[in-house]
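Here is the structure we will look at, set down as structure tokens.
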Amino acid sequence: MSGLANRPYLKMNGIGNEIVVLDLTDGSHAVTPAEARAIAAHEPFDQLMVLYPPQQVGSDAFMRIFNGDGSQSGACGNGTRCVSWYLMPVLGKDRLMLQTPTSLVEARRAEADFTVDMGPPALDWQAIPLARDAGDTRAIDYAYGPAGAPVLQSPSVVNMGNPHAVFWIDRDPAEIDLATIGPAIEHDPLFPERVNVSIAQVRDSGHIVLRVWERGAGLTRACGSAACATGVAAARLGYTGRRTRISLPGGDLRIEWREADGHVLMTGAAELEHEGRFAASWFADAA
């Protein structure tokens with residue numbers, strides 16, 4: 001029987017991003033990819049945020065982030081806000097340091113919302129990573145669609161703990177068939193670790209509308225790291241300043257690419273949908 005049987009969990013959302021928060025800070029179990037897939041089959045999520053005991057002095061918990069297909073993500077801003085909603089009252093803190101396999105993430109309460117310091121973006125093609133040097137990462141040499149009449153082209157590429165390609169269009173992103181285009185670009189050989197695919201429209205110098213196909217999760221109502229990547233890319237191209245509002249289908253995020261240290265700050269809401277317990281039967285085939 002899986003060690004997750006009868007474990008309590010929280011089903012939450014970060015502006016529509018479906019998040020499951022699982023507290024394993026007692027150190028009694030380590031979630032496997034098969035168990036993550038089993039949870040997703042019964043309690044669908046965009047990301048599963050698993051909390052383990054801290055591994056670094058000064059951190060409050062170690063965090064692993066699973067996608068619905070069992071793969072792991074290096075960052076999830078919306079999920080981190082949901083973790084903050086849960087863990088801050090438990091620890092009696094308004095500020096957390098959360099360790100991931102690749103970084104230390106700071107989160108703090110911002111009145112009714114939460115702000116997550118997503119760290120600095122990686123902008124070099126090898127850090128994205130790309131399979132080859134495709135030119136200026138503000139607008140790389142890449143197109144999707146028929147030769148001579150591409151549907152999308154020249155994306156900005158940014159790594160915010162995971163790789164992102166942001167395509168800029170001059171119409172409503174809802175007009176793009178992202179359910180078809182997203183998986184094709186996600187698995188393009190140019191992106192050896194796959195890629196999150198964003199379609200962005202600049203409404204004005206302080207407002208962007210965004211839709212996201214998330215690697216390992218698919219179409220999503222929100223993606224915090226994609227919003228951060230888009231905010232950085234827009235500022236690099238001069239479309240916006242370093243502060244902008246990003247509107248996703250699930251709601252708005254406030255993004256700041258801080259000039260002092262290059263860190264990206266993301267502020268938004270987190271809400272509890274319901275509490276539950278994992279049934280033992282969910283994991284019958286997850287051994």
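Here the stretch 179-194 is the region considered, the condition is being within 16 Å of the chain's Cα centre (by Cα) and not in a helix (DSSP H, G or I), and the residue that is surrounded by the most Cβ atoms within 10 Å (Cβ to Cβ) is R194.
Considering only the stretch 270-280, I want to know if a residue exists there that is among the charged types (D, E, K, R) and more than 30 Å from S2 (Cα to Cα). No - not one qualifying residue is present in the stretch 270-280.
Any residue at all in the stretch 255-278 that's free of Cβ contacts under 8 Å to residues at least 60 places away in the same chain, out of contact with any His (no Cβ under 6 Å at 6 or more places or on another chain) and surrounded by 22 or more Cβ atoms within 10 Å (Cβ to Cβ)? Yes, the conditions are met somewhere in the stretch 255-278.
Tell me which residues, restricted to the stretch 135-177, are in contact (Cβ under 8 Å) with a residue 12 or more places away in the chain, open to solvent by 20 Å² or more (accessible area, probe 1.4 Å) and of a type in the set (G, A, S).
A139, S154, G161, A174
Do we find a residue being more than 20 Å from the chain's Cα centre (by Cα) and open to solvent by less than 20 Å² (accessible area, probe 1.4 Å) anywhere in the stretch 42-54? Scanning the stretch 42-54 turns up no residue that is more than 20 Å from the chain's Cα centre (by Cα) and open to solvent by less than 20 Å² (accessible area, probe 1.4 Å).
Of the strands (runs of 3 or more DSSP E) lying entirely inside the stretch 55-119, those containing at least 1 residues that are modelled with pLDDT of 95 or more, touching a Pro at 6+ places or on another chain (Cβ under 8 Å) and open to solvent by 50 Å² or more (accessible area, probe 1.4 Å) span 61-67.
The values are calculated or read from the model by the stated rules, or taken from the named source; none is laboratory data. None of the values given here were measured: they were computed from a predicted structure. When we count neighbours, we look across all protein chains shown, and the Cβ atoms used for this are built from the backbone with ideal geometry, even at glycine. Accessible surface areas use protein heavy atoms only, side chains included; no ligands, DNA or RNA. Shrake-Rupley method; radii C 1.70, N 1.55, O 1.52, S 1.80 Å.
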